[in-house]
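What follows is one structure encoded as structure tokens, with my remarks underneath.
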Amino acid sequence: PTTIWPSVNAARGNKDFDTGGSAVAECSGCRTDADSFEPRDAVKGDVARMIFYMAVRYEGGDGFPDLEMNNSVDNGTKPNIGRQSVLLQWNAQDPPDAFEKHRNQVIFDTYQHNRNPFIDHPEWAAAIWN
């Protein structure tokens with residue numbers, strides 16, 4: 001099924017993460033509308049924790065944009081990734097599973113030699129952004 005991901009990625013495009021919309025072909029459980037994309041339930045927490053990591057990692061001082069969440073959608077080319085409130089819900093509803101924890105360890109051991117702290121401590125997201 002690796003051939004379907006380009007079309008799913010194209011359906012997501014630069015849309016912000018949020019709930020609702022119409023079903024996405026080739027992505028069971030995904031939904032989209034004009035300005036947002038909702039992944040399938042099994043990966044919602046994974047997506048949220050990736051965005052939390054990017055929000056704390058990329059602060060704009062090293063040539064990369066200052067990526068931040070907000071509670072908007074249709075952020076366009078701004079370095080904002082919307083619906084912070086929804087991402088916090090997804091983090092709580094879909095805690096890290098064995099696959100996500102293993103991926104975090106492989107990334108640490110083999111590639112980046114750093115960890116996504118929100119996989120190790122998902123409770124930190126609510127402590128920071130609530």
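The values are calculated or read from the model by the stated rules, or taken from the named source; none is laboratory data. This is a predicted model, so every value here is computed, not measured. As a convention, Cβ positions derive from the backbone with ideal geometry for all residues, glycine included, and neighbour counts pool all protein chains shown. Surface areas here come from the heavy atoms of the whole protein model, side chains and all, with no ligands, DNA or RNA. Shrake-Rupley method; radii C 1.70, N 1.55, O 1.52, S 1.80 Å.
Here are a few things to note about the model shown:
- The residue list 56, 24, 8 contains one member that is hydrophobic (A, V, I, L, M, F, W, C) and open to solvent by 40 Å² or more (accessible area, probe 1.4 Å), which is 56.
- Taking the numbered list (1) buried (at least 16 other Cβ atoms within 10 Å of the Cβ); (2) modelled with pLDDT of 90 or more; (3) touching a strand residue (DSSP E or B) at 6+ places or on another chain (Cβ under 8 Å) in turn, residue 96 passes all entries but (3).
- Considering segment 82-130, the qualifying helices (runs of 4 or more DSSP H), each wholly inside and each with 1 or more residues that are within 19 Å of residue 19 (Cβ to Cβ), run over 84-93, 123-129.
- Here 77, 19 are screened, and the one residue that is in contact (Cβ under 8 Å) with a residue 24 or more places away in the chain, open to solvent by less than 80 Å² (accessible area, probe 1.4 Å) and in a loop (DSSP other than H, G, I, E, B) is 19.
- Residue 51 being in a strand (DSSP E or B), open to solvent by less than 80 Å² (accessible area, probe 1.4 Å), in contact with a strand residue (DSSP E or B) (Cβ under 9 Å, 6 or more places away or on another chain) and not polar (S, T, N, Q): no
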